[in-house]
1. Pick from Ala278, Ala297: which is among the hydrophobic types (A, V, I, L, M, F, W, C) and either touching a helix residue (DSSP H, G or I) at 6+ places or on another chain (Cβ under 6 Å) or modelled with pLDDT of 95 or more (or both)?
2. Residues being crowded, with 20+ Cβ neighbours inside 10 Å and either on the phi < 0 side of the Ramachandran plot or not assigned by TED's automatic domain parsing to the domain that holds Gln371 (or both): count how many of those fall in the range 18-57.
3. Check off (1) small (Gly, Ala, Ser); (2) over 19 Å from Ala180 (Cβ atoms); (3) touching a Lys or Arg at 6+ places or on another chain (Cβ under 9 Å) for Gly127 and give me the number that stays unchecked.
4. Just to be sure before I move on: is Asp345 at pLDDT 95 or above, surrounded by fewer than 15 Cβ atoms within 10 Å (Cβ to Cβ) and among the acidic types (Asp, Glu) in the structure I sent?
5. Which members of the range 348-373 meet the condition of being in contact (Cβ under 8 Å) with a residue 24 or more places away in the chain and closer than 15 Å to Pro4 by Cα?
6. Among the numbered conditions (1) assigned to a loop (DSSP other than H, G, I, E, B); (2) out of contact with any helix residue (DSSP H, G or I) (no Cβ under 8 Å at 6 or more places or on another chain); (3) within 30 Å of Glu336 (Cα to Cα), tell me where Gly29 comes up short.
7. Looking at the range 188-204, can you tell me whether even one residue there is assigned by TED's automatic domain parsing to the domain that holds Ala115, closer than 14 Å to Gly149 by Cβ, out of contact with any Pro (no Cβ under 9 Å at 6 or more places or on another chain) and without any contact (Cβ under 8 Å) to a residue 40 or more places away in the chain?
8. Under the condition of being charged (D, E, K, R) and over 25 Å from Ile387 (Cα atoms), which residue from the range 67-104 is surrounded by the most Cβ atoms within 10 Å (Cβ to Cβ)?
Amino acid sequence: MTAPGPLDGIRVVDLTAVFLGPLASQTLGDLGADVVKVETPDGDITRSIAPARNPGMGAGFLAVNRNKRSVVLDLKQEAGRAALGRLVAGADVLMHSMRPQAMDRLGFGPEAARARNPRLIHCAAYGYRRDGPHGWRPAYDDVIQGASGLAALQASFAGEPRYVPSSMVDKLVGLTVASAINAALFHRERSGEGQAIEIPMYETMVAFLLPEHMAGRSFAPPLGPAGYGRVLAPYRRPYRTADGHIGVLPYTVQQWQRLFRLIGRPEMADDPRVTDGATRSRHVGDLYGMVADAMPARTTGEWQRDFDAADIPAMPVQDLDQVLDCPHLAATGFFETHRHESEGDLVFLGHPVRYERTPAAIRRLPPRLGQHTAEILAEAGFAAAEIAALLAGGAAVAEGATPATD
């Protein structure tokens, strides 16, 4: 890509690990930011997530760490923290996913970091708002799935609380982090002011999950319990066909009418449960049940053909491998294959948003641990002798370098 992304010229110092923060910083990197990934000497834990062709370059790491450079600093050493300070002084964004108390102990809490660089966007993403009674607790995806109500919602069809089989909290909060950083950068462009941002996993997930489920709890006093009846209806699920499953969601009156004619229930087209919105909302579970009863009579392909002709939203249910082989995604070029200098050919998920003027792009492939340590330190103003001293003392680690010994 020759055209720069919308964040071209922005430097992000990224102290995050696992999935939440790395997805956020990868998104910023896709948009053109220079993302400096600061790792411990052991590296991001996702480097060990199999499968892998080479140690430290597992699939879990490759998925969320493109468009970054890796520098290894040992922040347990004063020299490592001093080196980080010099990186922060020249950065636009510092982002981390440590609990706030730990970041304060390192000397890079919001006030301390912005004292070094008043224009800095200091972005913290952790479990809970710092000023609440849970503010000290550690948190990961599964914990927040349970706390936010997401796991309990699965009991409506599973019979007991279940985790969604996806790192949904990490990914959702990661995208929120990227959005928040962009908003803060926009404010800085207008005002010249940096600022601190706090993105708590718990509050973010509650804000995401509850809008449709507020229901009767939207009112004070409540008019009823929380929970959106349509999405909690027992038959709101993929429908079994003669040879598989299909997802279909008629939504407008016209779509419901066309669907009932297609399934051989034309008398339902004028039924108040179809034609009146309030009545349909109360009886939507019954309507879903009627659709479920009809679907096994035909194949998925036969239903899809007729739903397409009737302009009714529907798609076959696909497993993960079918998604990866989807003709639509192939035609739009969503998946990209790139040759990595040590890992061979790798398949990446493309950036989903298209920009006419400032395209997102894969400009760098995922880095090996410490691959860019010397390069990044030199850019921060370290002389060659200073870099050598940091490497010799273990405060910094470069790929393939062996620290000097006495």
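The values are calculated or read from the model by the stated rules, or taken from the named source; none is laboratory data. Because the structure is predicted, anything quoted here is derived from the model rather than measured. Positions of Cβ are backbone-derived with ideal geometry, glycine not excepted, and every protein chain shown enters the neighbour counts.
1. On the way: Ala278 fails: either touching a helix residue (DSSP H, G or I) at 6+ places or on another chain (Cβ under 6 Å) or modelled with pLDDT of 95 or more (or both).
After applying the criteria, what remains is Ala297.
2. Going through the range 18-57 one residue at a time, the tally reaches 23.
3. Condition not satisfied by Gly127: (2).
4. Values: at pLDDT 95 or above: yes; surrounded by fewer than 15 Cβ atoms within 10 Å (Cβ to Cβ): yes; among the acidic types (Asp, Glu): yes.
Yes, satisfied.
5. His351, Tyr355, Arg357, Thr358, Pro359, Ala360, Ala361, Ile362, Arg363, Arg364
6. Result: Gly29 fails condition (1) only.
7. Let us first name the residues in the range 188-204 that are assigned by TED's automatic domain parsing to the domain that holds Ala115, namely 188-204.
Among the residues that remain, those that are also closer than 14 Å to Gly149 by Cβ are: 201-204.
Next, only the ones that are out of contact with any Pro (no Cβ under 9 Å at 6 or more places or on another chain) stay: 201-204.
Checking which are without any contact (Cβ under 8 Å) to a residue 40 or more places away in the chain leaves us with 204.
Taking every residue of the range 188-204 in turn, at least one turns out to be assigned by TED's automatic domain parsing to the domain that holds Ala115, closer than 14 Å to Gly149 by Cβ, out of contact with any Pro (no Cβ under 9 Å at 6 or more places or on another chain) and without any contact (Cβ under 8 Å) to a residue 40 or more places away in the chain.
8. Checking each candidate, the answer is Arg99.
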